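What follows is calculated from the coordinates using simple rules that are stated; it is not laboratory data. All of these numbers come straight from a predicted model, not from anything done at the bench. With ideal geometry, Cβ positions are generated from the backbone for all residues, glycine too; neighbour counts draw on all protein chains shown.
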Amino acid sequence: MSCPTCGATLSEFQESGRLGCPSCYQVFTDELNALFTRIHGSTEHGGKHPGGGGDYGSETVSIEVLKRKLKTAVESEEFEEAALLRDKIHEAELVTATGRREE
């Protein structure tokens with residue numbers, strides 16, 4: 001199977017992890033959906049939580065990502081942000097350990 005627009009093949013995609021052009025997404029739809037489901041558990045993007053700002057979402061955000069953001073905030077001397085991140089890490093660890101949020 002190959003893309004009629006750019007000529008990219010499924011085996012090239014599997015080797016490089018890159019598609020050749022926008023048409024490849026339609027040509028390799030079945031294979032991409034299977035890959036997304038295997039990696040992410042879904043083919044639909046859940047998006048970010050509305051509101052933005054200092055709210056980093058729920059426990060779905062990995063604790064490692066929060067810890068990296070905390071380190072950056074401390075290094076930048078953004079201590080209020082660091083305190084919020086510290087609290088988010090604590091909450092995420094609690095949810096991971098117990099399956100419920102602190103009240």
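Some notes on this structure:
- Length added when fully stretched, Glu44-Val74, from 0.36 nm per residue minus Cα-Cα: 7.3 nm
- Distance between the modelled labels on Thr98 and Met1, one decimal in nanometres: 4.8 nm (7 Å Cα→Cβ projection).
- Footprinting exposure proxy for Cys3, Cys21 (fewest neighbouring C-beta atoms within 10 Å first): Cys21, Cys3
- Percentage relative contact order, segment 1-46, counting C-alpha pairs under 8 Å, at least six apart: 26
- Working note: Karplus 6.51/-1.76/1.60 with θ = phi - 60° gives segment 18-32 the couplings 10, 8, x, 7, x, 5, 4, 4, 6, 5, 9, 3, 4, 5, 5 Hz, where Gly and Pro are set to x.
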